[in-house]
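K.L.:
Structure in structure tokens, see below.
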Ligand SMILES: NC(=O)c1ccc[n+]([C@@H]2O[C@H](COP(=O)([O-])OP(=O)(O)OC[C@H]3O[C@@H](n4cnc5c(N)ncnc54)[C@H](O)[C@@H]3O)[C@@H](O)[C@H]2O)c1
């Protein structure tokens with residue numbers, strides 16, 4: 001059985017990816033400090049180690065003791081507005097901790113490394129679709145930390161031979177269609193999560209941050225991708241590296257944009273609840289439009305999304321939230 005260490009495997013996305021890796025035949029090990037993740041998210045066949053990814057000795061020991069050569073790195077701090085207020089927290093957790101992780105990986109001969117990058121590495125997003133060649137110009141410290149790790153990986157890979165893939169996720173949402181897993185973090189700021197909470201009367205209203213953007217209805221436009229399709233992209237990326245594929249970077253999105261107002265309308269329609277929506281000021285660090293050009297991952301990794309539907313994303317997120 002091929003083994004893989006998943007950092008952040010107790011978090012929202014990492015836990016879904018763990019299930020997909022397990023179903024694809026991998027033996028899964030999770031390293032997580034439970035800062036935002038939860039033990040309940042960890043899939044039962046996984047071996048869990050509680051600890052920080054920035055501890056190179058711990059990482060080296062896990063990797064050598066279990067002879068693990070594959071790492072998927074999800075652990076990070078992820079809230080854009082918080083990164084604007086407290087950039088050093090983001091540099092410490094997303095960059096410095098990754099230095100420790102990579103040190104441990106190099107000392108134990110890791111051959112394949114997947115990195116959770118983000119569309120936030122791109123600039124203002126004026127293009128209709130953003131390709132991997134688009135300019136890297138992060139609008140917030142969160143995006144800067146992810147762009148820094150991409151650079152670090154390229155340089156570490158060149159020096160060591162470790163091959164790596166950075167997946168630049170667009171807006172990840174939804175939940176396991178069987179409601180075994182989903183977004184559990186009570187402090188989540190993700191639009192679909194907070195709208196589900198409002199529909200279920202767990203919060204009084206939803207705010208739209210900025211209604212004067214140069215988009216069709218004035219609210220920001222994002223490319224929402226189902227967490228199941230995103231998870232499958234990781235399985236394919238790891239297989240690609242295992243077969244000797246070279247290091248690379250891929251967008252993971254559908255190439256379809258929906259505005260914040262459209263998403264809220266969809267949630268109201270699916271839930272049948274007309275929850276309160278308030279217009280609020282723009283948040284600093286939010287680009288107007290982020291929509292992926294996703295031909296490259298489809299062509300090179302053979303990725304074929306199965307859940308490309310806003311209604312499906314919203315329905316699965318709401319079903320999960322109902323039984324939380
Ligand atoms: N959610 C999105 O829409 C989105 C979009 C683009 C990229 N990403 C990236 O995906 C990854 C996972 O995001 P998520 O939404 O699942 O977030 P999450 O907060 O649910 O998961 C992060 C996990 O990492 C753990 N963690 C954080 N710092 C750690 C550290 N130093 N050592 C060990 N564990 C640590 C947390 O406890 C948590 O379990 C992140 O790298 C994020 O930047 C997410």
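K.L.:
So, residue 102, is that one surrounded by 24 or more Cβ atoms within 10 Å (Cβ to Cβ) and modelled with pLDDT of 95 or more or not?
P.N.:
Judged against the criteria, residue 102 is a match.
K.L.:
Looking only at residues in segment 1-25 that are assigned to a loop (DSSP other than H, G, I, E, B) and over 16 Å from the mean Cα position of the chain (by Cα), which one is nearest to residue 182 (Cα to Cα)?
P.N.:
24
Listed here are the residues, each with its yes/no results for (1) under 30 Å from residue 320 (Cα atoms); (2) without any contact (Cβ under 8 Å) to a residue 60 or more places away in the chain; (3) surrounded by fewer than 20 Cβ atoms within 10 Å (Cβ to Cβ).
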position: 157; (1), (2), (3): no, no, yes
position: 160; (1), (2), (3): no, yes, yes
position: 172; (1), (2), (3): yes, no, no
position: 176; (1), (2), (3): yes, no, yes
position: 179; (1), (2), (3): yes, no, yes
position: 184; (1), (2), (3): yes, no, no
position: 187; (1), (2), (3): yes, no, yes
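K.L.:
For residue 31, indicate whether it is modelled with pLDDT of 95 or more, buried (at least 17 other Cβ atoms within 10 Å of the Cβ) and away from the ligand (no atom under 14 Å from the Cβ).
P.N.:
no
K.L.:
Please find, within segment 152-179, the residue that is farthest from residue 109 (Cα to Cα) out of those that are part of a helix (DSSP H, G or I) and in contact with a strand residue (DSSP E or B) (Cβ under 9 Å, 6 or more places away or on another chain). Please lay out each step first, then the result.
P.N.:
At the first step, the residues of segment 152-179 found to be part of a helix (DSSP H, G or I) are 152-160.
Within this subset, residues satisfying the condition of being in contact with a strand residue (DSSP E or B) (Cβ under 9 Å, 6 or more places away or on another chain) are 153-154, 156-157.
On the way: 153: 15, 154: 17, 156: 13, 157: 12 Å.
The selected residue is 154.
K.L.:
Here's something else I'd like to know. Testing residue 244 on (1) at negative phi; (2) in a loop (DSSP other than H, G, I, E, B); (3) out of contact with any helix residue (DSSP H, G or I) (no Cβ under 7 Å at 6 or more places or on another chain), one condition comes back false. Which one is that?
P.N.:
Failed condition: (1).
K.L.:
Right, here's the next one. Residue check: is residue 38 under 19 Å from residue 188 (Cα atoms), in contact (Cβ under 8 Å) with a residue 60 or more places away in the chain, surrounded by fewer than 18 Cβ atoms within 10 Å (Cβ to Cβ) and within 9 Å of the ligand (Cβ to nearest atom)?
P.N.:
yes
K.L.:
Let me confirm something: among 78, 130, which residue is within 15 Å of the ligand (Cβ to nearest atom), closer than 18 Å to residue 223 by Cα, touching a residue at least 40 places away in the same chain (Cβ under 8 Å) and over 15 Å from the mean Cα position of the chain (by Cα)? Let's see the steps before the verdict.
P.N.:
Working: 78 fails: over 15 Å from the mean Cα position of the chain (by Cα).
Every option except 130 fails the conditions.
K.L.:
Of the numbered conditions (1) under 30 Å from residue 24 (Cα atoms); (2) surrounded by 21 or more Cβ atoms within 10 Å (Cβ to Cβ); (3) out of contact with any helix residue (DSSP H, G or I) (no Cβ under 6 Å at 6 or more places or on another chain), residue 231 satisfies every one except a single condition; which is it?
P.N.:
Exception for residue 231: condition (3).
The values are calculated or read from the model by the stated rules, or taken from the named source; none is laboratory data. These figures come from a predicted structure and were not determined experimentally. Using ideal geometry, Cβ is built from the backbone for each residue, glycine included, and neighbour counts are taken over all protein chains shown.
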